[in-house]
Amino acid sequence: MRRLVEKILGLIFVLSLVFLMSISYGKETVKITIWHYLNDRDKLLKTLAAQYTIKTGVRVEFQLYSGDQMGAKIRAAAQARTLPDAWTGVGLKGDLSRLAQAGNILNLTPYIKDWVSRFPENIVAQVTFTKDDGYNVEPGTYGIPLDVNNMQFLYNKDLFKKAGLDPNKPPKTWKEFIEYGKKLKEAGILPFATGFGTWAGLTMIQPYEFAYLGEEKLNAARLGKITFKEAGYERVLNLLVEMRDAGMFAPGTATMDLPTAEQMFANGQVAMIFDGSWAIGVFKMMNPNFKNYFVFFPPKDERAPYQALIPGGIGAYFVVNKDSKYIKETIEFLKWLTDVPQQAKYAKESFNLPANKNTIDPRTLGPQIAEFVKGMDKVYSYLAPFKNPRTEEILAKGMQLIILGQKTCAEVVKEMDETNK
Amino acid sequence: MKVKLNRIFIHLFLISYAITCLFPLVWMISTSLKTTSEVYLNRNLIPKSLNFENYIKAWTEGNFSIYFTNSIIYTISIVVGIVIVSTLAAYAFAKLNFPFKNIIYYAFLMMMLIPIPGAFVPLYVLLVKLGIQNTRIGYILPMINSGLSVSIFILKEFFEQIPKELEESAVIDGCNKFQLYYKIMFPLALPAISTIVIFNALSAWNEYILAAVNFTDPNKMPVQQGLFIFQGQYFTRYELLMAATTIITLPIIILYLSMQRYIVKSISGAVKG
Amino acid sequence: MRKIGDQIGSFLFVLPALAFFVTFSIYPLFKTFQLSFFQWDGMTKNMTFVGFQNYINAFRDFIWLKSLKNGVYLAILALIIMNSIAFILAVLVNLRIRCSKFYRVVFYIPPILSGIVVGFIWKWIYDPNYGILNGILDILHLSQFKRAWLSDIHTALISVSIASMWQGVGGSFILFLAGLQGIPEELYEASIVDGASFWQQFFYITIPLMSRTLMIVSILTILGAMQLLTIVIPLTNGGPGFETEVPALRIYKEAFSNYRFGYATALSVLLGIMLFIISIIQIKLRRTD
C-alpha cells in the first residue's frame, strides 16, 4: 500500500515538473523592438534596456534611425504593416492624428489610466485627442511622454553688462525688451537671433499670439472659423516690425536655422535668443566654458489682454503599435522607463527635463534648467491645427519677409486668410 | 611666346578651379582634427592641435567595420548588376531591332524624368509582398533598377556612335549578336561605361533612405547609417562627423582614381584595326 | 522566319532590364499616376477621387509656378555657365598637358561630397558675418557689396545656383571627357596637315563631333536643375519667402509636410511630362542636324 502511494506521489511530482517546464518553454522570450531617433541618448536608452532585461528577462531592443529616415520608415512600415512594437513619435498632434486615424497606433487610455497622473496634465494633453478638438480621432491618449521642454528667452549676462544693463534684471515688459535691444545695438552688440528660417520662428511669436488673441480666438482663427484679420492677428506680427525697426535682428536672422543662432549665442556673438530648454545641453557641448547666461519668460506686452503661454510640452514620447504582439509587455517597459529612478538618470545624463513630474528637483539640475522648469505650468495645452496646413508655411515665410521689410503685416494676414479657407 | 602665355593662362585657370574643388576637402579634414569646442569657436582652417584620435573614435562609434563591409558588398553588386543589364539593353536599343523598341525605350526614359515622391513606400510594400524585406537582395535589386534609366540613356548614345563598319566587318568574320556585344561594343564604349560605373557607385554608396526603410537589422545597414550617430536631435558633433565623412569619401575617391583612366583610354588601336 | 527568330534574339538583350523595370518601376509609376487623381493625405485610408482637380489647382498655385520658374532659371544658368566651364575644363585636360591626371581627379571631388558637407560649406561661405565671401569683399575694399546672401531675396536664388553648379561641374566634366575620346586622332592630324589652327580644329571638328555628348549633358543638366533637392534644404529650405523654391522641393513638401500626397503626385506627373517633352525636343533636334 505504501509503495503504491509513493509511486503515485512520485508520478504526480514528475508530472508537475514536466508541466512547469513546459510552461516556461512554451513562454517564448519576449523581445520588444523600439525605433527611435534620439541619437545622443542611444547609449543611455540601451543601458536602461539592459537593466530592464536583467530585472525581468524581457529583451528590449532600441534601434536608432535619423529623424528624416524615421519619417520614411514609419510611412513605409505602416503601409506594409511591419511596424515595430513601439517607436518615438515624430511631430505632434497633426502628425499623430494621421497615424491614429490610419489605425497604426494604440489608444493607450485603458492601459495607462492608473499611472498617467505621474505626468503633468498639460503634457499628456499634447498627445491626447478629445471629441471636439478638430482632429477627428477617437478620443484618448496615444503617447507616453519621456521628457518635456519649453521655450523661453535666454540672455548673455556678460553682454548685458557690457551694454550697461543689469545682468540680473532681464527685460520684464515688451517696452523694456525693445529698449534693451536698442542699448545693445548702440554698444555694438547684436541683440537677438533665432531660427526664423525654420519652425523655431513660429514658436517665438506663439506667446504673443496667446497674449493678444487669447486661446479661444486664436484656435478659432486657426480652424478657419474666423479670419485672422478679425482676430486681430496683425498686432502680433507688428511686434516683429517693432523689433526690426529697433535694429534687433542680427543679419541673416530671416533664414537662420536654430543651430546657427545657438552657435552665435554660445560664442557670445548675440545677446539674446529664443530657444528651448534642451539648449542647455547644446550650449554645454558647443562651448563648455559658456556659463554666464540665464533664462527669462517672454516679456509682458501691456497692450495684450491675455496671459502669454509658451510653447513647450512633450519632448520625446513613445507610441505603441496597435498590432503589436506584446502590447502589455511594451507598456510595462515604458512604465518602468518613466519611473522616478530611471527618469532621474535620464535627466542627469541628457540635459532634458524629465516628464515624470515627481523627478524635478532644481537642486540637482542646475540654475538654467531649474528656471526653465518654472515655466512648465505656463505651457499652452491646446493649439488647433490650421484648416489648411499650407497656412503655416505662408505664415512662416511671411514672417521672414516682414523681418526683411519686404512685406507688411496686413499683406501676410491677407494671404493667411486666403489660404486658410 | 604666344604659346607660352597661353599655357600659363590655361594652368592658371585650371589651378584656380582646382583650388575651389579641393577647399571643401581641406575644410573637412581640418574640422575632423579639431576638438568639439574648437569646431564652434575656432573658424580658421588650421586646427590648434591634430586630434587624429577623432578618426578612431568615429570608426568605432560609427560602427564602421560592419557598415563599411555592407556598403562595399552593396555597391559592388549594384554597379556590376547595372553595368551588365544596362549595357545589354543599350546595345539592343542602339544596334538591334525588335518589336516595340521605341515604346520600351521611352518608357525607360520616363523613369528617369518623373520624380516619384515617396517611391520607397510602394517599393517597400512590394518587397514585403515578395518576402524579401530586411534582406540584402531586397535592397540590391531595387537599387539596380533605379540606376538603369540614366545608364541606358547614356550608353545607348555612345553605342550609337560606334561606326557601323566595325560591326559589319565583325559580322563578316562570323560574329553573332552576343559576340559583337562583348568583343567589340563593350570595349569600345569603355569611357562611357566607366562614367556610369562612377555615377552609379557614387549614388549607391551615398544612398540611405531605401536602406533605412528596408532594413530593420542594424547589421545590414550601409555606411551612411554610421554618420547619423553624430547628428544629435539638437546638436551635432562636427569633428567626428567630418572624420567619419572623410573616411567614407575615401573609397569613392579610390574607385574614381582607378576608373578615370578608362575614361581617357585611347581607342585608337581598335579604330585602326 | 529567320527575321522573327532574329528579333526574339534581340529582344533577349532587353529582357533583364525589362524584368527589373516591370517589377520595381511599373507599380510605383502606376501608383503615382493613379494617386494624382485623388485627394489623399498619405497616411490614412480615406482617399477622395477628384478627377483632374489636382492638375487644375497646380496651374493656379503661385508657389508651384514660382518653383517652376526658379527651376528653369537654374537650368538655364547651369546650361550656359556650368557646362561651359565643364567643357573648357574637359578640353584643356584632354590636351594631355602636365598634371592632367591630377586635374581629372580633383575636378570630380565636388560631386563626390555628401549633401551635408556641401550644404554646410556653402552656408559658411555665404554667412553674412563670418563667411569668406563677405570676408574677401572686405579685403578687396568692396564692402558695399556685402550681403546676407542666402537671406536676401535678390541674391538667394543665384547663391543656391552657384553652390549647385559648383557641385555639378564634375559630372558634366567627365561626360565631356568621355565624349572627347570618341573623336579619332586622325581627324586632328589630317586637319593639321591641311593647316588648321587650334580654333579651326575646335569649331570644325571638336564641336560637331561632340553634338551627341552635348545633348546628353544638356538633358541631364536640365533634369538635375529641375529635380534639385538635396542641396536646397540645408541652404535655404526654399526661403526667404519662396524665393528659392524648386520643383522637387515643392513636391516633397506637399507630400510629406502638407499631407497632400495626391496633389504632390500630380505635380510629379506634370514635371515628368514637361521634362519628357524637353528631352524629346532635344533628341529630335540633334537628329535633324
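The values are calculated or read from the model by the stated rules, or taken from the named source; none is laboratory data. In this text the structure is predicted, and so the values were computed from the model without any measurement. When we count neighbours, we look across all protein chains shown, and the Cβ atoms used for this are built from the backbone with ideal geometry, even at glycine. Ligands, DNA and RNA are stripped out before the accessible areas are found, and what is left, the full protein with its side chains, is counted by its heavy atoms. Shrake-Rupley method; radii C 1.70, N 1.55, O 1.52, S 1.80 Å.
Within 10 Å of each Cβ of A:322-333, how many other protein chain Cβ atoms are there on average? List each step's numbers first, then the result.
Values: counts 0, 0, 0, 0, 0, 0, 0, 0, 0, 0, 0, 0.
Going residue by residue through A:322-333 and averaging, the value is 0.
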Checklist outcome for this item: Gyration tensor on Cα atoms of chain A, a ≥ b ≥ c root eigenvalues, a/c under 1.5 rounded, else prolate if a/b beats b/c, else oblate, says prolate
Checklist outcome for this item: For region A:137-189, listing trypsin sites (Lys or Arg not before Pro) in a DSSP loop whose Cβ sees at most 14 other Cβ atoms within 10 Å gives A:172
Checklist outcome for this item: With the charge dipole of region C:53-288 built from beta-carbon charges (+1 for Lys and Arg, -1 for Asp and Glu) about the Cα centre, the Cα from C:89, C:151, C:203 projecting farthest to the positive end belongs to C:151
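Per DSSP H run of n ≥ 4, the term is -39500 (n - 2.57); total these for chain C, divide by its residue number, and report the mean residue ellipticity at 222 nm rounded to 500 deg cm²/dmol. Spell out each step's value before the answer.
Values: 16 runs with 193 residues, N = 289.
When only DSSP H runs of four or more count, the value is -21000 deg cm²/dmol.
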Checklist entry - Out of residues 5 or more away from residue A:63 or on other chains, whose amide H comes under 5 Å of its own, with H placed 1.01 Å from N in the peptide plane? => result A:34, A:35, A:36
Checklist entry - Which whole number gives the average count of other chain Cβ atoms within 10 Å of the Cβ atoms across peptide A:93-103? => result 3
Next on the checklist: If amide hydrogens are placed 1.01 Å from N in the peptide plane, which non-local residues have theirs closer than 5 Å to the one on residue A:317?
Outcome noted: A:89, A:146
Next on the checklist: Please return the longest range in chain C lying between exposed loop sites, taking trypsin sites (Lys or Arg not before Pro), DSSP loop only, at most 13 other beta-carbon atoms within 10 Å, and leaving the sites out.
Outcome noted: C:99-289
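Probe of 1.4 angstrom, ligands and nucleic acids ignored: what's the accessible area per residue over region C:53-288, in square angstrom? The partial results should precede the final answer.
Numbers: 9500 Å² over 236 residues.
Computed with neighbouring chains in place, this is 40 Å² per residue.
Roughly to the nearest percent, how much of the accessible area of region C:53-288 is carbon and sulfur, given a 1.4 Å probe? Intermediate values should be presented prior to the final figure.
Values: 6490 of 9500 Å².
That share works out to 68 percent.
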Checklist outcome for this item: A student asked for the Cα radius of gyration and Dmax of chain B in angstrom ought to give 23.1, 72
Checklist entry - So what's the gap between the Cα centers of region A:46-105 and region C:243-289, to the nearest angstrom? => result 33 Å
Next on the checklist: On a straight-distance basis, which aspartates and glutamates could pair with residue A:407 in a cross-link, Cα separation under 19 angstrom, same-chain partners fewer than 8 positions away excluded?
Outcome noted: A:234, A:242, A:245, A:392, A:393, A:415, A:417, A:418, C:152, C:243, C:245
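Using the Cα centre as the reference, give the magnitude of the dipole from point charges on the C-beta atoms of the protein assembly as shown (Lys, Arg: +1; Asp, Glu: -1; all else neutral), rounded to the nearest 20 debye.
Values: 94 positive and 71 negative charges, 242 e Å.
For this selection, approximately 1160 debye.
Can you give the FRET efficiency for residue B:63 and residue A:199, using 1/(1 + (r/R0)^6), R0 = 51 Å, r = Cβ-Cβ distance, to the nearest 0.05?
Values: r = 31 Å, r/R0 = 0.61.
E(calc), rounded to 0.05, equals 0.95.
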Checklist entry - By its C-alpha gyration tensor, with a ≥ b ≥ c as the square roots of the eigenvalues, how is region C:53-288 shaped: rounded for a/c under 1.5, else prolate for a/b larger than b/c, else oblate? => result oblate
Checklist entry - To the nearest 20 debye, what is the magnitude of the charge dipole of region C:53-288 about its Cα centre, counting +1 on the Cβ of each Lys and Arg and -1 on the Cβ of each Asp and Glu? => result 340 debye
Next on the checklist: Give me a comma-separated list of calculated 3J(HN,Hα) values for region A:391-397, in order, Karplus coefficients 6.51, -1.76, 1.60 applied at θ = phi - 60°, integers in Hz, x for any Gly or Pro.
Outcome noted: 4, 4, 4, 4, 5, 4, 5
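For the protein assembly as shown, what proportion of DSSP beta bridges, expressed in % and rounded to the nearest 5, is antiparallel? Mind showing how you got there, number by number?
Values: 25 of 39 bridges.
In the protein assembly as shown, DSSP labels about 65 percent of beta bridges as antiparallel.
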Checklist entry - When we measure straight from the Cα of residue A:335, which lysines land under 21 angstrom away, once same-chain ones fewer than 8 places off are left out? => result A:31, A:43, A:46, A:55, A:113, A:322, A:325, A:345, A:348, A:357
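Give me the dipole magnitude in Debye, nearest 20, for region B:163-244 about the Cα centre, with unit charges on the beta carbon: positive for Lys and Arg, negative for Asp and Glu. Present the calculation step by step, with values, prior to reporting the outcome.
Values: 5 positive and 7 negative charges, 41 e Å.
Dipole magnitude for region B:163-244 comes out near 200 debye.
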Checklist entry - What is the Cα convex hull volume of region B:42-182 when expressed per residue in Å³? => result 238 Å³
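Classify region A:52-112 from the C-alpha gyration tensor, please: rounded if a/c falls under 1.5, else prolate or oblate depending on whether a/b exceeds b/c.
Numbers: a/c = 1.99, a/b = 1.36, b/c = 1.46.
Here region A:52-112 falls in the oblate category.
Quick test of the membrane-span-like rule: which DSSP H helices of chain B reach at least 20 Å along their long axis (C-alpha atoms) with mean Kyte hydropathy at least -0.5?
On the way: long enough: B:2-32 (45 Å, 1.22); B:64-95 (45 Å, 1.58); B:136-160 (35 Å, 0.94); B:190-206 (24 Å, 1.28); B:238-263 (36 Å, 1.29).
Result, helices passing both filters: B:2-32, B:64-95, B:136-160, B:190-206, B:238-263.
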Checklist entry - Taking Cα centroids, how far is region A:213-247 from region C:39-103 in Å? => result 37 Å
Checklist entry - Of the listed peptides A:265-271, B:164-170, A:301-307, what is their order by residue-averaged count of other C-beta atoms within 10 Å, with the highest listed first? => result A:265-271, A:301-307, B:164-170
Checklist entry - Which one of C:46, A:62, B:44 has its Cα pushed farthest toward the positive end of the charge dipole of the protein assembly as shown, where Lys and Arg give +1 and Asp and Glu give -1 at the Cβ? => result A:62
Item to check | Principal-axis tilt of helix A:199-222 within chain A, Cα atoms, nearest 10 degrees | outcome: 90 degrees
Checklist outcome for this item: The long-range amide H neighbours of residue B:230, using H built 1.01 Å from N in the peptide plane and a cut-off of under 5 Å, are none
Checklist entry - Ballpark to the nearest 100 Å², how much total accessible area do C and B bury together, probe 1.4 Å? => result 8000 Å²
Item to check | region A:196-290: trypsin sites (Lys or Arg not before Pro) in DSSP coil with no more than 15 other Cβ atoms inside 10 Å | outcome: A:225
Checklist entry - Using the Karplus equation 6.51 cos²θ - 1.76 cosθ + 1.60 (θ = phi - 60°), what ³J(HN,Hα) coupling, rounded to whole Hz, does each residue of region A:153-169 give in order, writing x for Gly and Pro? => result 8, 10, 9, 8, 4, 5, 5, 4, 4, 4, 8, x, 9, 6, x, 9, 10
Item to check | Pair residue A:186, residue B:167: separation of 7 Å Cα→Cβ label points (nm) | outcome: 8.4 nm
Checklist outcome for this item: Applied in sequence order to region C:257-274, the curve 6.51 cos²θ - 1.76 cosθ + 1.60 (Karplus, θ = phi - 60°) yields integer Hz couplings, x standing for Gly and Pro, of 9, 9, 6, 10, 5, x, 4, 4, 5, 4, 4, 4, 4, 4, 4, x, 4, 4
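What quantity of accessible surface, computed with a 1.4 Å probe and excluding non-protein components, is buried in total between chains B and A, in Å² to the nearest 100? Each step should come with its number before you reach the end.
Values: alone 16680 and 20660 Å², together 34760 Å².
Summing both sides, the interface buries roughly 2600 Å².
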Checklist entry - Just which residues of region C:143-173 lose 30 Å² or more accessible area with every protein chain there, against their chain alone, with the probe set to 1.4 Å? => result C:151, C:153, C:166
Next on the checklist: Springs between alpha-carbon pairs under 10 angstrom, Gaussian network model over chain A: which of A:216, A:28, A:262 fluctuates most?
Outcome noted: A:28
Next on the checklist: Restricting to DSSP H runs of at least four residues, report the calculated mean residue ellipticity at 222 nm for chain A, -39500 (n - 2.57) per run over all residues, nearest 500 deg cm²/dmol.
Outcome noted: -14500 deg cm²/dmol
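At 37 °C and a viscosity of 0.692 mPa s, what translational diffusion coefficient does Stokes-Einstein give for the protein assembly as shown, taking Rh as the Kirkwood radius over Cα pairs? Give it in µm²/s as a whole number. Numbers along the way, then the final one.
Numbers: Rh = 31.1 Å.
This corresponds to a translational diffusion coefficient of 106 µm²/s.
Taking 41 Å as R0, compute the FRET efficiency from the Cβ-Cβ separation of residue A:46 and residue C:99 and round it to 0.05. Don't skip to the answer; put the middle values down first.
Working: r = 50 Å, r/R0 = 1.23.
For R0 = 41 Å, the calculated efficiency reads 0.20.
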Next on the checklist: Need the list of lysines near residue B:129 for cross-linking: C-alpha distance under 17 angstrom, and skip anything on the same chain fewer than eight residues off.
Outcome noted: A:73, C:31
Checklist outcome for this item: Of every hundred units of 1.4 Å-probe accessible area on chain A, the number belonging to carbon and sulfur atoms, as a percent, is 55 percent
